[in-house]
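Notes follow once the structure below has been shown.
No value in this document is a laboratory result; all are computed from the given coordinates. In this text, all values refer to a predicted model and were calculated from it rather than measured experimentally. Cβ coordinates were reconstructed from backbone atoms using ideal geometry, including for glycine residues, and neighbour counts include every protein chain displayed.
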Amino acid sequence: MTLRLRDVTELLDSWFDPACAESWDAVGLVCGDPDQPVGSVLFAVDPAPAVVDEAVGWGADLVVCHHPLLLTPVHGVAATSPKGRVVHDLVRARTALFTAHTNADVSAGGVNEALARAVGIADPQVVTDLDDGSADALDKLVTFVPHEHADAVRRAMADAGAGRLGDYDGCSFTSTGEGRFRPLQGAGPAIGRPGRPEVVAESRVEVVLPRRLRRQVVEAMRSAHPYEEVAFDVLELAAVAGLRRPTRGHGRIGALQAPTTLREFADRVAAALPATAHGVRVSGDPDRPVETVVVAGGSGDFLLDTVLGTHADVYVTSDLRHHRAAEFREHDGPALVDVAHWAGEWTWLPLVEERLRAAVRERGDTVATRVSTLVTDPWTFRADRR
């Protein structure tokens, strides 16, 4: 079986739903033919010219980047501009480009989660929940069917996606009773004749299903049901607060495996991330105890007020501005650790690389992969006063 570009992009979209991207973002397939074969994939943070040169030199069929190439609207991609040359180089080499940006930040297995695990958070949890619960909303479907047809109806509903609870499928409940009805003139009953009351031994079959699959499951149930007119109930199940653990949202928070000091934690962060000229900047008492950490990949100013309301000891992020950081520290809240934007988000690349390799193996295909180690952070060196 040949792995196609559309196979890879469908996997990436299923993990990092483009609907989760911010309205201003530009994610998805930038260039490439969905039907083209993919035998090699390069992962990088930025679709910078040097990364494209690396991809073309290696012979990559696809580059998966975190940052978009064309974040703002353009009216042309002439090779007279750096971004235009990138597009021309990619197309000339038949190398596709795919980006997952803010949708990869907030998703399970995304950038925030990768950064959290890199700095030592054992069980990272979402800080700001973006899920309204609609994706997890459940219905219960109840129908009444002659005993001898109950198995067929149960199978049809299960095949349509009903009866899946955690790591179990085919879940249902059946009780027995009597169904009563009288077919009228013009009816074509599966059991009985028009004008004559009937009593039928029936099974009451109940299944739980995702609300988003309601139509498919009801249609499957009716197709398998022997009755001309099918009696059924659809009940919307109420959510129970505290039972659902958010999987999608801004930032991640959690405890380290063992308490440490701010100085030791900052050293750990520096060792876990790729080296950059930016390095790791810290605001706080070096001897402050650190046990609970909040992280946010990319520019983390927007989460500062939320972090103040947590029980975190330190906030790890990037691109903190002077005034916002100073005002934050005046509240005597968590310490701040500011890392290079590129370095914090680079931690996602090995994770998504391995996830793709595993998914492709499961399909029975193979793909060569590579994570770019080119430092594309815009700051190239620092001058220390002597």
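Worth pointing out:
- Percent RCO, i.e. relative contact order, over the chain, from Cα pairs under 8 Å lying at least 6 residues apart: 19
- In segment 134-236, Cα pairs under 8 Å separated by at least six residues give a relative contact order of 45 percent.
- Subtracting the Cα-Cα distance of Ala93 and Thr380 from their residue separation scaled by 0.36 nm leaves 100.4 nm.
- Applying the Karplus relation 6.51 cos²θ - 1.76 cosθ + 1.60 with θ = phi - 60° to segment 371-381 yields 3J(HN,Hα) values of 9, 5, 9, 5, 7, 9, 4, x, 8, 9, 7 Hz, where x marks Gly and Pro.
- Nearest-ten-degree value, helix 262-272 long axis tilted from longest Cα axis of the chain: 80
- For Ala335, distant residues with modelled amide H under 5 Å away: Val314, Tyr315
- Here segment 83-202 is treated as an ellipsoid with the same Cα gyration tensor; its semi-axes, largest first and in whole Å, are 55, 23, 13.
- Placed amide H near Asp139: partners under 5 Å, 5+ positions off or other chain: Leu209, Arg211, Leu237
- Ordering 7-18, 339-350, 175-186 by mean Cβ neighbour count within 10 Å, with the highest value first, yields 339-350, 7-18, 175-186.
- Each of the peptides 318-330, 245-257, 70-82, 96-108 was scored by the mean count of other Cβ atoms within 10 Å over its residues; in descending order, highest first, they stand as 96-108, 245-257, 318-330, 70-82.
- Karplus (6.51, -1.76, 1.60) ³J(HN,Hα), θ = phi - 60°, over segment 180-190, in Hz, Gly and Pro reported as x: 10, 6, 10, x, 8, 4, x, 6, x, x, 6
- Segment 1-124, relative contact order [Cα under 8 Å, separation at least 6], %: 32
- Directionally averaged projected area (convex hull, Cα atoms, segment 134-236), nm²: 6.6
- Of the peptides 37-46, 277-286, 194-203, the order by per-residue mean of other Cβ atoms within 10 Å, starting with the highest, comes out as 37-46, 277-286, 194-203.
- Mean shadow area of segment 201-270 over all directions, Cα convex hull, nm²: 9.7
- Across q = 0.09 Å⁻¹, the chain modelled as identical point scatterers on its alpha-carbon atoms has Debye log10 I(q)/I(0) values of -0.69, in the order of the q list.
- Cβ-Cβ FRET estimate between Glu10 and Phe232, R0 fixed at 45 Å, reported to 0.05: 0.85
- Rg [Å, one decimal], Dmax [Å, integer] - segment 107-178, C-alpha atoms: 19.6, 62
- Cα convex hull, segment 1-157: 201 Å³ per residue, rounded to a whole number.
- Residue-by-residue Karplus 3J(HN,Hα) for segment 217-228, coefficients 6.51, -1.76, 1.60, Hz, glycine and proline x: 5, 4, 4, 5, 4, 5, 5, 8, 7, x, 6, 5
- One Cα centroid belongs to segment 106-159, the other to segment 300-360; the line between them spans 27 Å.
- Proximity of backbone amide H atoms, modeled 1.01 Å from N, is registered between Asp129 and no other residue at under 5 Å, excluding neighbours fewer than 5 places apart on the same chain.
- The stretch between Arg155 and Val142, if pulled fully straight at 0.36 nm per residue, gains 3.3 nm over its current Cα-Cα span.
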